[in-house]
Amino acid sequence: MKKIILAAAVAALGVPAALSTSVWAAEHIEIPKEEWSFNGVLGKFDRQQLQRGFQVYKDVCSACHGLRYIAFRHFEALGYSEEQVKTLAAQYEVDDGPDENGDMFKRKAKASDYMPKPFPNDATARLANGGALPPDLSLMTKAREGGPDYVYHLLLGYEEPPADVQLMEGLSYNKYFAGHQIAMTKQLQDGLVTFADGAPNDAAHIAKDVTAFLHWAAEPNLEVRHSTGLRVTLYALLFAVLAYFTKRRIWAKLGDH
Amino acid sequence: MSTEKSAWRKAYEWHEARLPIVTWLDHSLGTKYPVPRNLNYWWNFGSLAVFMLAVMIFSGIVLAMNYTPHVTMAFDSVERIMRDVNYGWLIRYMHANGASFFFVVVYIHIFRGMYYGSYKSPREVLWWIGILIYLAMMASGFLGYVLPWGQMSFWGATVITSLFSAVPGVGDAIVTLLWGGFSVDNPTLNRFYSLHYLLPFVIVGLVFLHIWALHVPGANNPLGIDAAPADKIPFYPYYVAKDVFGLGVFIVIYFVVVFWAPNLLGDPANYEKANPLLTPPHIVPEWYYLAFYAILRSIPDKLIGVVAMFGAILILFALPWLDTSRVRSANFRPVFRVFFWIFVANAAMLTWCGAQLPEGLPLILGRIGTFWYFFHFIILLPVLGWIETPKPLPASISQSVMKAAE
């Protein structure tokens, strides 16, 4: 019986897991695994890291990349107070209206407003970026094979192109990008931002912090998912154990054969 | 002690005399439903499939309350479920992974039927209804995958619906009907949503027929011989207890995936909003269709490929007659038993091939696997029934148990 359950478990988990890790793209690019505070059974976000990552996003990424599913109020999850969030929102302007005269107007953002887009529309975005459209980053760590590991290594993966590669006009060579020719130039340099908490600010640390922040943006319910999951799964496990002994006791009535 | 009946008892008897629903349930899944005493844990997957159907319907109804079937809003409404709806992330992850687990359970259920010859006389109609359920599940799963309106939703829908254009004469008309226009667009999403809500209830109806058809001959068993009344035990409490234990083990595995690897089985491309102007480099269906996708792509001609893909499922209807052996259980068929496991391995290999680009080794293996799939049903099974010498069958279930105890 144990063997059967084990076999069922393997069938349920193993086969699809093996599939999902199979090669999708023509060229398989190996993405090294990183340590993240949010991995593991009770993995959590590191609030300080998220705040640093947000600073990187705000100072560097947000010039071109939006975060359309994030409202200012969400930043309370990063450890900011309600007041701090209001102050932060007030640094931004959003479109509103029409007013009683029928005119649209600009006003300071409120906590309930969503992050303003960096460009009014895709055409403007392309015009400002040599024809390339900088993608929205709200779901980026879930929208690429490799997840946060991929995003982290992509940010650091810029290098000189191999001799046989002819780079197209305006593109950069990136070790981890599919096809290797990416429209985004290398952004992260050592010391590019200075963190208020004095954390290291070499390119690798900056990449790590901003990736953690983006993973929070993509999966804001991760912590409650882990903690709920542990309780639910332990409950189910206890249920299975009790059901096993119940089953044994009931079947014992049948006798030996 | 008073022999006077309680008011509850009287009310119950009054109602039972008019609609004997408790008696009916007792005969269906209770003390009056005799089941062979020797069923092993592979027989748990029928009740697990019913459980998953219920999970899918309940989570699906809640999702439908928060979902907007419009091309400009569908993707955002799913993200709203993930972020703003209370426990929306849980409901959605249960539903999305629930589809995979439903298929895992049903595939094991089907393979169990194949191994123990559960499709053979007198259970052919039971088997047929099972195939209909499987077909309805495949349709429902495909329709549901389109609803989040991600890149793989859109392009998967485009590829799969375009297959129907291979039908001679009316192919393009069928595709236009499926799309509700001349490309996959808002009308497509609307009709897919409507049908995705409809089909699960069709499945519920088919499940009723499936269980009804099960009750006429009664359950098969690992020995594959007809069970004498003395070798049967009531479904309640014995198999209810066993199924509940199986359910406990199953939900632990299910929850581990839902809570710690909810995107493991999904395609990352589906976290990007559908873009009709940008084809993903590699369009793949969900894992549970990959074996059939591999069969489709292993044949260069489009029409023959489509016929082979659907034929691979439809051939199951003929299985009770393609298998000419009268011995049900593979435990007594030493040669068939080997070929059964080769068939399972071949299905796994085809599934792997379906996830690869159709070139080089995956294409060659896909072609070998496709050949073997049909060879197994059309040539091997009929011939094997004639030439194989089965092991002697025990006279009864209790005799077999006593022999094992010696």
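Laboratory data are not the source of any read-out in this text; all were calculated from the coordinates shown. Since we're looking at a predicted model, the values are computed, not measured. Methodologically, a virtual Cβ is constructed for each residue, glycine included, from the backbone with ideal geometry; neighbour enumeration extends over all protein chains shown.
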Too long at a 29 Å Cα-Cα cut-off: which of B:LYS10/B:LYS242; A:LYS186/B:LYS273; A:LYS108/A:LYS142; B:LYS10/B:LYS232; A:LYS175/B:LYS302; A:LYS86/A:LYS175?
-> B:LYS10/B:LYS242; A:LYS108/A:LYS142; B:LYS10/B:LYS232; A:LYS175/B:LYS302; A:LYS86/A:LYS175
Specify the inter-centroid distance of region B:157-184 and region B:59-94, based on alpha-carbon positions, in whole Å.
-> 28 Å
Neighbours of A:ARG47 by Cβ distance under 14 Å: Lys/Arg at +1, Asp/Glu at -1, summed charge -3
Enumerate the lysines that B:LYS391 could reach by cross-link, defined here as Cα to Cα under 21 Å, with residues fewer than 8 away along the same chain left out.
-> B:LYS120, B:LYS403
Counting Lys and Arg as +1 and Asp and Glu as -1 over every other residue whose Cβ sits under 12 Å from the Cβ of A:LYS110, the net charge comes to 0
Note to self: C-alpha centroids of region B:225-262 and region B:284-310 sit apart, in Å, by 34 Å
Run down the lysines and flag those whose C-alpha is under 30 Å from the C-alpha of B:LYS5, throwing out any fewer than 8 positions away in its chain.
-> B:LYS32
Any idea what the relative contact order of chain B is, in percent, if you count C-alpha pairs under 8 Å spaced at least 6 apart?
-> 22 percent
P(r) of region B:19-283 over all Cα-Cα pairs, 5 Å bins starting at 0, rounded to whole percent, reads 1, 5, 11, 15, 16, 14, 12, 9, 8, 6, 3, 1, 0, 0
Alpha-carbon centroids, region A:38-83 and region A:207-257: separation in whole Å = 28 Å
Which of these, A:ASN201, A:ASN101, A:ASN129, has the largest mean-square fluctuation under a Gaussian network model of chain A (Cα springs below 10 Å)?
-> A:ASN101
Per DSSP H run of n ≥ 4, the term is -39500 (n - 2.57); total these for the protein assembly as shown, divide by its residue number, and report the mean residue ellipticity at 222 nm rounded to 500 deg cm²/dmol.
-> -18000 deg cm²/dmol
For region B:386-397, Karplus-derived ³J(HN,Hα) couplings (6.51, -1.76, 1.60; θ = phi - 60°; whole Hz; x for glycine and proline) come out as 7, 9, 6, 9, x, 5, x, 7, x, 5, 8, 5
Which net charge results when you count Lys and Arg as +1 and Asp and Glu as -1 among the other residues whose beta-carbon is under 11 Å from that of B:PHE164?
-> 0
Relative to the longest principal Cα axis of chain A, at what angle does helix A:222-252 sit, 0 to 90 degrees, rounded to 10?
-> 10 degrees
